Amino acid sequence: MRAFFTTMIGLLCLILLILGNLHWQKKTEVTGSGSSQQATVSEEGSEAFAQVEPVLNYTTNWSEQEKMHFQTALSENRPYHILIVGSEQLGEGESSWPILFQNEVVATYGENVISIESRTYTETTSEFVESGKQAEFIANQADLIIWEPFILSDNAVVPIEATLENISSVINEVKESNPNTTFILQPPNPLYQPKLYKTQVEELKAFAEAQGIPYLDHWTSWPDPMSEQIREYLNEYNQPNEKGHRVWADYLVQRFISQ
């Protein structure tokens, strides 16, 4: 009888030992699995940050508002959309500065990060506002609008005071519908020995600075408008030729792609 009880006690101890060992192994597996999952999440976060960080390095010359909206677009997994708008001075075709600019920016940032389109208008600023074409800006829902506000079209037709009022009206109306849209203003190309036109461009720059609107002063990259050399950058219609478009594009590329 004593031998029987001794054997039963031994079997009970063995069963308890086996059950305890199985419980320990299961607990170890769960803990190990949790650690592995945490490491994976951490690696994914690091990988995502590693992909975004180099892109942000290109935005050193951007305004703080542009940077903020750019990062918002990245967080929403959508391209940051840029709309380029202006008169026929923007040109058309593969050699025009908007296309040259677009090609270099998209090649640098990636087509999934930035999208760019351009539109030209023949109207003066007054005709543009009266016809309600600012609605096209609103419908586009761009993150950034780079606007050459038809200064040359307004030349000797619309007083500069009215031009600036029209520009304010368009910007205010667009931002009322799309508060996160940012505007950048820039002049058209320089002309040979400009007079009234030069004054209008200076007024546009002063207006942008007073309103806190970023201004692309690309005239600083062109030859002196008072010199004969500027003719080498313009065609017979006083629009940029291939050399002029390259100068204009390079200025914007340097502004939007910090090396």
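Bear in mind that the values in this text are calculations on the coordinates, not laboratory data. Keep in mind that this is a model prediction, so the values were computed, not measured. All Cβ positions, glycine included, derive from the backbone under ideal geometry; neighbour counts span all protein chains shown.
For segment 101-159, which GluC sites (Glu not before Pro) are both in a DSSP coil and crowded by at most 15 other Cβ atoms within 10 Å?
Within segment 101-159, the qualifying GluC sites (Glu not before Pro) (loop, at most 15 other Cβ atoms within 10 Å) are GLU111, GLU123.
Just in segment 186-236: which GluC sites (Glu not before Pro) are loop by DSSP and have at most 10 other Cβ atoms within 10 Å?
Here the GluC sites (Glu not before Pro) that fit, given the DSSP loop and packing criteria, are GLU236.
Quick one: what do you get for segment 150-227 if you divide its Cα Rg by 2.2 N^0.38 Å?
Relative to the rule-of-thumb radius for its length, segment 150-227 sits at 1.16.
Just the number, please: Stokes-Einstein D of segment 54-118 in µm²/s, Kirkwood Rh from C-alpha pairs, 4 °C, 1.567 mPa s. Walk me through the intermediate numbers first.
On the way: Rh = 12.7 Å.
Approximately 102 µm²/s, per Stokes-Einstein.
For segment 117-185, I need the span (max minus min coordinate) of the C-alpha atoms along each principal axis, in Å, sorted largest to smallest.
34, 22, 21
So which trypsin sites (Lys or Arg not before Pro) in segment 131-219 end up in coil per DSSP with only 13 or fewer other C-beta atoms within 10 Å?
LYS195
Given Cα positions, please report Rg to Rh for segment 197-256, the hydrodynamic radius being the Kirkwood one.
We get a ratio of 1.00 for segment 197-256.
Given H placed on each backbone N at 1.01 Å, which residues far from LEU234 in sequence or on other chains put an amide H within less than 5 Å of it?
ASN241
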